[in-house]
Amino acid sequence: MDINALRVFNIIHSLNITEEEFADLENEQKHTERTGLYIRCIKKGYSMCVSHDENHQVVIREIRKEIPVPSRVLFKTLITFDDLPKQIYTLHAIAQYRALDTDIKHRADNLEELKDRICDRFVDNFPKELGRYYDDIHYQELHSWDDKKRATWGELKTRLIERQLRALFWLFGEDYERFEKEVKVARKNIPRIVKVFERHNKRMAIIQRVEDYQQRRGGMMYNPVWFERVQGSRLMIRCFKPGNPQYNYVDLNREMYLPMGPDETAELWLDDDLFEKTEYPELKVLSKRLLSNQNNDGNGAKRWVLLTADEFNKKQTLIRIEVMSATRRHQEEEAEKNLAQRIDAQFRKGKVVRQGIKFTKNSIECEGVRVKNEKLGHFVMRNQIHLQREPDFSKIVKDFICFILNIDAVWNSSATSVIYVCNFKGDETISIGEVDLRIESRKNNIFVNNHRIAKNDLVDVIFTALFRRNQKDFDQYLAYSSKVNLTLQKILSDGGISFELKIDKTNDNLLPIKEEKMVLSLPLHREKGKNYTTIKGVDYQIKDLNAFIDIGKDINSARIGYGGGGYLQRTIKLLYRSIKGITPREIGEIIKNGEQEYTRLQERIRKENAEKLKKAVGFLNEAVRLSKAKKIKNGFQIIGKSGKQYTVNSDTLAVYEVADGKPERYVCIVDMGTSTDTDWGRKDALAKRLLMLAHDLKVADEVHTLELAEAL
């Protein structure tokens with residue numbers, strides 16, 4: 001309302017507002033540079049106010065407690081003193097809440113108390129962006145299709161940002177002109193802390209993001225679509241208390257990645273060893289995938305992660321593949337000659353040795369196990385392998401295989417997930433341990449040593465070369481894997497395939513049915529090169545293995561939902577397509593008896609895993625006895641034949657040499673053929689390490705208790 005309307009209400013309700021109070025309210029409305037709520041007087045339990053955040057209009061609010069007047073409310077704080085510095089309003093424009101900001105939760109009787117409240121406002125784990133006033137919906141010309149309009153409003157925004165920065169430096173009593181001279185600008189699309197303030201044990205960071213991307217604009221109703229090249233700098237503010245996990249890492253020039261979309265769940269802060277060594281595309285992928293398998297905290301907040309060089313390179317294989325593919329796409333846009341110059345500078349002495357791993361331009365080697373290819377130096381520099389504190393030789397080799405095969409991550413709309421595809425072209429020669437490999441692309445197929453290998457299997461098949469004894473052994477494995485792919489090998493090992501069958505309603509089946517789910521299994525075995533499943537004691541040949549495997553594939557319900565035939569009809573179609581001679585009767589038997597078959601299959605797998613765990617525990621106990629290992633916190637301590645002392649972490653399996661009673665030098669272990677994805681696998685790997693280190697060995701190759709018993 002305006003003053004005239006207030007005068008009318010004053011008469012109707014007998015509020016007894018004085019002319020002086022009217023004049024003050026009218027004069028306050030003219031201060032359009034101010035923000036917050038101005039309370040001039042209280043009449044009959046109601047306050048007469050000017051709400052600067054609501055277009056500076058006069059408002060009447062109910063108030064249930066006595067407060068001194070005139071006063072102001074900013075930052076949910078009752079301010080009982082007047083003549084506020086203009087910087088206070090500027091700071092409030094940055095951090096004001098869009099709703100309920102006039103609720104009174106605190107009180108400030110002097111400027112110092114108010115400054116504390118301002119610092120508290122920034123502690124809500126969400127960046128406050130400078131210059132947002134001109135980004136408001138009322139200032140759409142900032143994104144106009146007209147370049148001149150955008151430039152004009154861009155200038156206004158720049159001036160506002162400078163004014164807001166100066167207010168922040170005033171808040172903390174620091175020199176803004178000196179900051180302008182010394183600030184180190186952030187890299188494109190990778191935010192950086194360009195200034196840190198500290199007050200009363202709170203740290204406030206100014207975070208800069210230099211943007212360079214294309215943004216779609218317009219397109220609503222009859223407006224045309226156009227694309228704006230967004231180039232500029234954004235500045236955000238965040239404040240941290242000692243209880244925040246980021247607190248000890250809030251320092252000048254800290255780089256980070258702040259999530260920009262709902263599918264990005266991790267806020268990444270880069271450790272010092274990754275400073276200016278990672279790129280925007282790979283950080284964007286990590287923000288999406290790093291915590292994708294963990295439950296969200298329920299309020300939509302992004303979770304914080306300190307990303308070190310080791311953690312960056314220890315992620316799951318699929319995440320590492322996606323990160324490397326994103327890196328590849330980004331770096332292909334840059335000049336390759338710059339990367340070549342970096343490689344030449346790094347390897348000018350011929351080699352780099354990190355934690356027992358020797359890197360050269362065309363090879364990496366650990367404890368006599370060598371991998372050789374002309375692109376290894378390029379791979380090491382691109383992915384910062386040589387910066388890891390605890391490098392895992394086996395993972396480095398596997399990542400290089402993904403790199404050489406040009407494995408890329410793409411979005412699959414049918415499965416609503418990321419899939420990984422091989423884009424390898426041409427030919428490559430690699431030497432891995434005792435094995436030489438020639439990889440060739442012929443038309444749409446990939447051959448390894450003249451054996452065609454399924455593209456989905458290439459990485460794992462080639463990786464096995466690391467722990468093959470000789471060329472003949474590996475070539476025999478290639479010949480088998482070219483006929484029986486890894487998926488089939490696993491199904492045969494498990495004894496069958498399990499899948500969830502959904503009995504669902506659809507618009508093409510109006511029969512009354514009970515919607516439910518059940519987990520079913522189909523056994524599978526192989527005889528004389530052919531695959532069979534068994535239904536009620538009768539073997540049926542598999543005529544389409546891909547269709548049989550697809551039965552257990554997770555499919556987006558949007559593709560086969562109410563109008564697409566449903567899960568049940570899809571399963572029936574795949575059964576007909578995959579099993580030779582099957583009839584409706586047998587399909588009915590599968591549905592009726594499949595759940596019992598699943599129970600039997602799972603029981604067999606449980607017993608096998610229990611037996612493996614029992615053997616692994618026995619192997620570990622025997623290894624502890626033979627190696628005379630001493631149990632310590634988080635693992636074991638062991639003395640080798642040479643007199644060297646080592647520690648082994650039971651969880652991470654990391655090995656360190658001990659000096660002066662403390663772990664000092666990381667020891668890279670080449671662990672051949674030991675899976676650590678299971679409890680029994682980790683215990684088996686731990687036992688091998690104890691036996692190896694007792695002999696000062698660094699390569700685990702068919703280590704067994706009986707083989708070392710006599711020597712020990």
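Each value in this text was obtained by applying a stated rule to the coordinates, not by laboratory testing. Because the structure is a prediction, the values reported are computed rather than measured. Positions of Cβ are backbone-derived with ideal geometry, glycine not excepted, and every protein chain shown enters the neighbour counts.
The amide H of Arg199, built 1.01 Å from its N in the peptide plane, has Met204 as neighbours under 5 Å, considering only residues 5 or more places off or on other chains. Label-to-label distance, Asp2 versus Glu174, with points set 7 angstrom from Cα along the beta-carbon direction: 4.6 nm. Backbone amide hydrogens, once placed in the peptide plane, bring Leu78 within less than 5 Å of Lys105, His106, Arg107, Ala108, excluding anything fewer than 5 places away on its chain. Under 5 Å from the amide H of Glu267 lie the amide H atoms of Arg303, Trp304, Val305, each residue being 5 or more positions distant or on a separate chain, with H modelled from the backbone and absent for Pro and chain starts. As a rough footprinting exposure proxy, the listed residues Met236, Met48 were ranked by other beta carbons within 10 Å of their own, and the order from fewest upward is Met236, Met48. Here each label is just a point 7 Å from Cα along the line to Cβ, and for Lys30 and Asp679 those points are 7.9 nm apart. Note on segment 1-59 and segment 444-495: Cα centroid distance 81 Å, given to the nearest whole angstrom. As a proxy for reagent exposure, Arg600, Arg121 were ordered by neighbouring Cβ count within 10 angstrom, fewest first; the result is Arg600, Arg121. Taking N as the residue count of segment 3-109, its C-alpha radius of gyration divided by 2.2 N^0.38 Å amounts to 1.02. Ranked by how many other Cβ atoms sit within 10 Å of their own Cβ, fewest first, the residues Lys148, Lys683 fall in the order Lys148, Lys683.
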